[in-house]
Structures are given as C-alpha cells and as structure tokens.
2 protein chains.
Amino acid sequence: MTKARTHVLEAITQAKEPVSARQLCEKFQSDYDPATVYRALHYLEEKGRLDSFILHCAEHGTERYYVLHSEEHRHWFHCERCHRFTDLGLCRFDDLVAQMSLEKGLAITSHTFYATGICPECRRKM
Amino acid sequence: MTKARTHVLEAITQAKEPVSARQLCEKFQSDYDPATVYRALHYLEEKGRLDSFILHCAEHGTERYYVLHSEEHRHWFHCERCHRFTDLGLCRFDDLVAQMSLEKGLAITSHTFYATGICPECRRKM
DNA sequence: TATAATTTGCAAGTGACTTGCAAATTATAA
DNA sequence: TTATAATTTGCAAGTCACTTGCAAATTATA
C-alpha cells in the first residue's frame, strides 16, 4: 500500500458514511493529484476494500460515493439539505426482489436503492 | 409545442420503456441539434409530460432516462446485455420505506430503485 | 544496494450535458 | 394578414466528473 492509497482508505474509514470522490479530491488537494485519488479508489475497490454506488442530487450532480466494503448489503438515505447520509440498515428488499425476478423471469444480480428527503437535524432547523 | 418537442415526446411515447437522452440525440441527429433535444427534454419534464431518472451501467456509463409521466410510481429492470428495460410494475416498497423513515425519524420524500441482471431473451442466447 | 515493477503528477482527452448569442420560429397584436 | 414581440434553435464554447498517456518519482524484489 502506498501513502496515497493508505490515506484515502483512512479517510473513508473515519467518515463512517459514504464519501464522494470529489470530497476526497478536495480533502487531499494539497497532497495528491485528483488522478491519484481516483486511481486509489479504483485500486481499493478492485481489491475488495471499498464498495461504491452512484447517486444524483440536485445540488452536487452525479457522483460516485465510497464506503468500506462489507459482506452485508446496506442502503442509505441522503439528505437534500446537508447532504449527509443516514444508514438505513441491512437490505430488506430481498424477498420483494426475488418475487419480481420470478414474475418476469429475470436473472436479477443486483439492485440499487436509496431514499432522499430531509434528515431530523435539518428538519429541526427549518 | 414546437416541432422538436413534439417529435421528442412522440419518440418517448412509442418507445414504451425508458429512453436515454443520448439515444434521442442519435435518433434525431439529422434533424435537431443535441442542445435542442436536451432542451426539449427539460421543457417536457418541467411541464409534467415526462419523468426521468439516472442510471449507471458499465457499458453506457451514467445517463438520464426518460419515460412518459404517470401518477403511479414504477420501477424498472435494466438488462446488462441488451440494455433494454423491463417494467417491474408499480412500486411495492412504500411500507418498507415508511418503516425506515419512522425508525430513523427521516422525512423521506422520494426513493430510487432499479434492478439489473440478464433478461430472459439474453439468457436464452447465452 | 541495484534493478525491476509500480505509482504518481501533469496535461490533455472524454462523455454527457449546459450555456451564450445571433438567427430563425412561433405567438400575439393591430 | 402582417407587424412586432417573445420564444426557440443551431452552433460553438464551456463545465463537470472523471480518465489516460507519459516521463519522473516511488516502491518492491533480487
């Protein structure tokens, strides 16, 4: 592991919620080139240390977010105000997805789910 | 309605499955500038005639897809081989989403769901 | 250590849009 | 129906989130 990769992994470990590539590029802008950050993310995901997903939000556009890899499949809520994520826990859609799969004869290998709205903290401030 | 907007809306109506902006730009490349196609899509969505969502697939990257607007919230399956969509029917996640919302005190205003894998036609050809 | 293999920074390139602006359409008024 | 006002279009350039080529700098292996 090189310094860049170690630092990127540490940043994501400490975040405890999904972090976008752009956030990491900003955080490390005085240490590493964006290309290095992106390459570190690819490397870490390829090595199974990170998971990622793409989410679109009106304010930040379409970005890829990274979390530490886990065997368990989780879903996230994204706050439209503060842009922080809330863990929605382990996936509870497996039965419904299996049912859809059966109904249409599909071989569903993965699914994407996320919820958006306002988190409790932001609601309090409204 | 101008000609461009009418033609874009017709193309989406005939497709009966989500169509990407890029597909429409290609279809109309000899008739309209891509900027016009994009502007027509914004106009039609703004006027409530279209709904859209963003989906990322390995082969086509991240693109916005458009369908005719409907009051009912539906979800789609995207085939990784032929890139066609299969309608998964009306949303069945409302109860689960409400439950997540309650558990975490979130004001969930929308959610995104899509499944990916191989459709029956592509599976037959494997 | 010396040498081989890998990674990094920089700059340029991509893909999916987005925007400024003048010309062409379309809508409204007379 | 035509004059005028408002909107839309095409073109070219710009933006944003990456991606890539290549030589220099690191890191790994002998």
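A few comments on the model shown:
- Cα-projected label distance for A:Phe53 with B:Cys122, points at 7 Å along beta-carbon direction, nm: 2.1
- Here, P(r) means the percent of Cα pairs in each 10 Å bin from 0 to the largest distance; for region A:72-126 it is 21, 38, 25, 13, 3.
- Area hidden from solvent between A and B (accessible, protein heavy atoms only, 1.4 Å, total, Å²): 3000
- Just the protein heavy atoms count here, and of the accessible area of region A:72-126 at 1.4 Å, carbon and sulfur take up 49 percent.
- Estimated at the nearest 10 Å², the accessible area of A:Ser101 is 30 Å² with a 1.4 Å probe.
- Accessible surface, per residue, of the protein assembly as shown when the full set of protein chains is kept, probe 1.4 Å, Å²: 57
- Counted over all Cα-Cα pairs of the protein assembly as shown, pairs farther apart than 34 Å make up 24 percent.
- Farthest toward positive dipole pole in chain A [+1 Lys/Arg, -1 Asp/Glu at C-beta], among A:Thr13, A:Met1, A:Phe28: A:Phe28
- About its Cα centre, the dipole of region A:31-104 is roughly 60 debye, where the only charges are +1 on Lys and Arg Cβ and -1 on Asp and Glu Cβ.
- Of the residues in region B:111-126, those shielded by at least 50 Å² of accessible area once partner protein chains are present, compared with the chain alone at a 1.4 Å probe, are B:Thr112, B:Phe113, B:Tyr114, B:Thr116.
- Residue-averaged [θ]222 nm for chain B, counting only DSSP H segments that reach four residues, each worth -39500 (n - 2.57): -11500 deg cm²/dmol
- Carbon and sulfur %, accessible surface of region A:1-69 computed with the full protein complex present, 1.4 Å: 47
- Viscosity 1.567 mPa s, 4 °C: Kirkwood-radius Stokes-Einstein D of region A:19-82 over Cα pairs, µm²/s: 101
- Per-residue shielding of B:72-84, expressed as the average number of other chain Cβ atoms within 10 Å of the residue Cβ, stands at 1.
- Modelled FRET efficiency - R0 30 Å, A:Glu26 with B:Glu46, Cβ distances, 0.05 increments: 0.40
- When the C-alpha to C-alpha distance is required to be over 22 Å, the pairs from A:Lys27/B:Lys104; A:Lys125/B:Lys104; B:Lys27/B:Lys125 that qualify are A:Lys27/B:Lys104; B:Lys27/B:Lys125.
- Taking a Cβ cut-off of under 14 Å around A:Phe93, the surrounding Lys, Arg, Asp and Glu residues balance to a net charge of -2, with basic ones at +1 and acidic ones at -1.
The values are calculated or read from the model by the stated rules, or taken from the named source; none is laboratory data. Keep in mind the model is a prediction, meaning the values are calculated, not measured. When we count neighbours, we look across all protein chains shown, and the Cβ atoms used for this are built from the backbone with ideal geometry, even at glycine. When the accessible area is computed, the model is the full protein with side chains, heavy atoms only, and any ligands, DNA or RNA have been set aside. Shrake-Rupley method; radii C 1.70, N 1.55, O 1.52, S 1.80 Å.
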